[in-house]
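The values are calculated or read from the model by the stated rules, or taken from the named source; none is laboratory data. Just so you know, these numbers come straight off a predicted model, no measurement behind them. Here the Cβ is made from the backbone with ideal geometry for all residues, glycine too, and neighbour counts use every protein chain on show.
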Amino acid sequence: MRYRLLFADAQGVVYDHPRLLAAVRSGDTVRPAAAGERAAPLPPGASLCLLPGRRPVGVDPATGEVVALSEVKVGRRTFVPHAVGATLPPGWTRALLPAAARPPLPTAEAPILPQWAYTAAALGARGPVVFALHTDRRRHWSPATHSTPDLARRVEARLAGSGNPIWRQIARCALEWRCFTAQNTFYGRDEGAIPSSAACNAACVGCLSEQEEGLPPSSHERIARSPTAEEMAEVAAEHLASARGRPMVSFGQGCEGEPLLRWKEIARAIRLVRARTARGSIHLNTNGSLTRGLEALLDAGLDACRISLNSASPSLYASYYRPDGYALADVVRSMELAVARGAYLSLNLLTFPGVTDRAEEAERLWRLVARVRPHQVQTRSLAIDPDLYLALARGRGGGGAPIGMQALLEGLRRARPGLVIGNFSRAKRERATPAPRRGGRGARVNA
């Protein structure tokens with residue numbers, strides 16, 4: 001299959017090039033889209049997006065040469081084109097980056113891009129395609145079931161009946177930032193959000209809620225005041241007691257600080273919740289930095305946690321997370337503790353094509369998974385300007401040529417037979433214990 005190059009004008013109108021084929025990017029390498037390259041029709045909920053100031057890069061079919069477009073003519077108009085990528089809905093994992101040429105430094109025309117996971121896109125025989133993997137086919141996170149016309153009414157009714165600051169925060173998350181987990185709390189179903197911390201002990205380069213001067217504005221805002229144990233327990237207990245579907249509450253979201261900094265208050269909140277209801281799962285999203293705090297939460301009744309990492313290499317991990325007072329070794333100890341204590345452990349793996357799937361990086365991740373034996377790996381396409389992440393990843397972590405995202409995921413399954421690979425947390429009744437011995441074949445990646 002030969003895919004055509006897409007480009008856009010300054011108003012965001014997307015065109016396909018009459019002659020040039022699509023190029024793709026893996027790390028620093030820009031190349032033609034191979035004949036067998038994995039591409040999928042643009043999924044429902046995905047969007048094509050303009051990459052301002054980046055020039056489209058395509059392939060001359062006659063010579064195979066990779067060329068950057070500096071000017072195009074459409075009808076009677078001649079203009080400077082912009083590169084086009086795509087953003088994906090939940091359940092998809094990016095496989096390749098958009099091929100784009102940009103000035104060496106951010107300029108007014110080509111600023112640092114906001115925090116989205118930019119994915120390679122092209123035109124196929126039946127319409128736009130994306131170079132991505134469908135890694136979680138469960139439908140309860142579908143965009144069609146969220147941001148419904150009745151959501152604002154549900155939020156208004158809840159705010160009218162409670163002065164709890166958590167409801168005010170997740171109302172903003174649900175309506176302004178369209179967070180599906182926050183929306184679930186108002187819909188009364190599945191996984192609900194419990195914001196818990198205004199502070200953090202990491203300074204992630206791609207932080208969604210706090211950005212340094214000179215970088216794009218953060219896409220979310222943290223809760224202004226860390227809530228009390230009683231405030232957290234009130235929202236969590238109500239959701240667990242009555243939620244439909246897959247009842248779960250999660251302390252800690254990607255748009256806030258680190259919940260383990262407040263482990264004493266969260267431990268008290270968990271005990272208050274369990275004094276009211278035994279239903280559902282109590283889950284923690286964390287960087288895994290404070291093993292002592294995680295142990296206290298497990299003592300209180302935490303039954304699942306998701307620990308984030310971008311790499312099993314200390315240098316690459318530190319360059320992205322910029323941890324304060326902890327290191328990757330502490331995070332691994334927290335992983336091991338969670339498994340030893342019988343909690344359901346997910347790794348929140350922030351993936352980036354051409355870095356995460358470098359041969360040595362992949363091997364280190366496989367060894368980590370074989371050692372720690374998590375129950376699940378949730379693949380999360382890292383939401384960051386590709387050039388910004390590549391600048392910090394060069395010379396750090398494992399080297400070698402990229403093996404591709406599909407091969408990376410298949411290797412994870414070999415390292416941990418029975419490992420669940422997906423994008424969403426599993427409720428209690430969805431959890432299964434992976435096989436105890438190494439070797440053999442796992443289930444399909446998109447199962």
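Could you grab me the full set of residues in the range 133-153 that are loosely packed, with under 14 Cβ neighbours inside 10 Å, free of Cβ contacts under 8 Å to residues at least 24 places away in the same chain and either in a helix (DSSP H, G or I) or among the aromatic types (Phe, Trp, Tyr) (or both)? Arg139, Arg153 - these are the residues of the range 133-153 that are loosely packed, with under 14 Cβ neighbours inside 10 Å, free of Cβ contacts under 8 Å to residues at least 24 places away in the same chain and either in a helix (DSSP H, G or I) or among the aromatic types (Phe, Trp, Tyr) (or both). A count restricted to the range 404-437 and to residues that are surrounded by fewer than 17 Cβ atoms within 10 Å (Cβ to Cβ), of a type in the set (A, V, I, L, M, F, W, C) and at pLDDT 95 or above stands at 1.
Among the residues of the range 258-311, those identified as under 14 Å from Met232 (Cα atoms), touching a residue at least 40 places away in the same chain (Cβ under 8 Å) and under 20 Å from the mean Cα position of the chain (by Cα) are Pro259, His283.
Per the conditions (1) surrounded by 14 or more Cβ atoms within 10 Å (Cβ to Cβ); (2) under 30 Å from Pro323 (Cα atoms); (3) under 18 Å from the mean Cα position of the chain (by Cα), the sole criterion not satisfied by Arg178 is (1).
Out of the range 59-81, which residues are farther than 19 Å from Gly354 by Cα and either crowded, with 16+ Cβ neighbours inside 10 Å or not assigned by TED's automatic domain parsing to the domain that holds Pro128 (or both)?
Quick first cut of the range 59-81, residues farther than 19 Å from Gly354 by Cα only: 59-65, 67-81.
Result: Val59, Val67, Ala68, Leu69, Val72, Pro81.
Confirm whether Gly91 is over 20 Å from Val13 (Cβ atoms) and buried (at least 20 other Cβ atoms within 10 Å of the Cβ). Considered against the rule, which asks whether it is over 20 Å from Val13 (Cβ atoms) and buried (at least 20 other Cβ atoms within 10 Å of the Cβ), Gly91 comes out as yes. Across the range 36-49, which residue is surrounded by the fewest Cβ atoms within 10 Å (Cβ to Cβ) among those that are out of contact with any helix residue (DSSP H, G or I) (no Cβ under 8 Å at 6 or more places or on another chain) and modelled with pLDDT under 95? This residue is Gly36.
Residue-wise test of (1) on the phi > 0 side of the Ramachandran plot; (2) of a type in the set (Asp, Glu); (3) out of contact with any Phe, Trp or Tyr (no Cβ under 8 Å at 6 or more places or on another chain).
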{"position": "Thr93", "(1), (2), (3)": "no, no, yes"}
{"position": "Ala110", "(1), (2), (3)": "no, no, yes"}
{"position": "Thr119", "(1), (2), (3)": "no, no, no"}
{"position": "Ala125", "(1), (2), (3)": "no, no, yes"}
{"position": "Val130", "(1), (2), (3)": "no, no, no"}
{"position": "Thr135", "(1), (2), (3)": "no, no, no"}
{"position": "His146", "(1), (2), (3)": "no, no, no"}
{"position": "Pro149", "(1), (2), (3)": "no, no, yes"}
{"position": "Glu156", "(1), (2), (3)": "no, yes, yes"}
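List pairs: first residue in the range 55-72 and of a type in the set (Gly, Ala, Ser), second residue part of a loop (DSSP other than H, G, I, E, B) and surrounded by fewer than 17 Cβ atoms within 10 Å (Cβ to Cβ) anywhere in the structure, Cβ distance under 8 angstrom, at least six positions apart or on different chains. Once the first residue is of a type in the set (Gly, Ala, Ser) and sits in the range 55-72, its partners that are part of a loop (DSSP other than H, G, I, E, B) and surrounded by fewer than 17 Cβ atoms within 10 Å (Cβ to Cβ) give Ser70/Val80. Residue count for the range 181-198, restricted to those that are touching a residue at least 60 places away in the same chain (Cβ under 8 Å), polar (S, T, N, Q) and not in a loop (DSSP other than H, G, I, E, B): 1.
The residues in the range 251-288 that are surrounded by fewer than 24 Cβ atoms within 10 Å (Cβ to Cβ), closer than 22 Å to Asn348 by Cα and among the hydroxyl-bearing types (Ser, Thr, Tyr) can be counted, and the count is 1.
Provide a single number: the residues in the range 17-30 that are surrounded by fewer than 16 Cβ atoms within 10 Å (Cβ to Cβ) and in a strand (DSSP E or B).
Summing the residues that are surrounded by fewer than 16 Cβ atoms within 10 Å (Cβ to Cβ) and in a strand (DSSP E or B) in the range 17-30 gives 3.
Residues in the range 323-363 that are within 18 Å of the chain's Cα centre (by Cα) and charged (D, E, K, R): Asp357 alone. I'd like the full set of residues that are under 18 Å from Ala125 (Cα atoms) and of a type in the set (D, E, K, R), limited to the range 14-49. Those that are under 18 Å from Ala125 (Cα atoms) and of a type in the set (D, E, K, R): Asp16, Arg19, Glu37, Arg38. Pairs are defined by a Cβ separation below 7 Å, a sequence spacing of at least 6 or placement on different chains, a first member in the range 338-365 that is more than 17 Å from Arg380 (Cβ to Cβ) and without any contact (Cβ under 8 Å) to a residue 40 or more places away in the chain, and a second member that is hydrophobic (A, V, I, L, M, F, W, C) and part of a helix (DSSP H, G or I); the pairs so defined are Val339/Val372.
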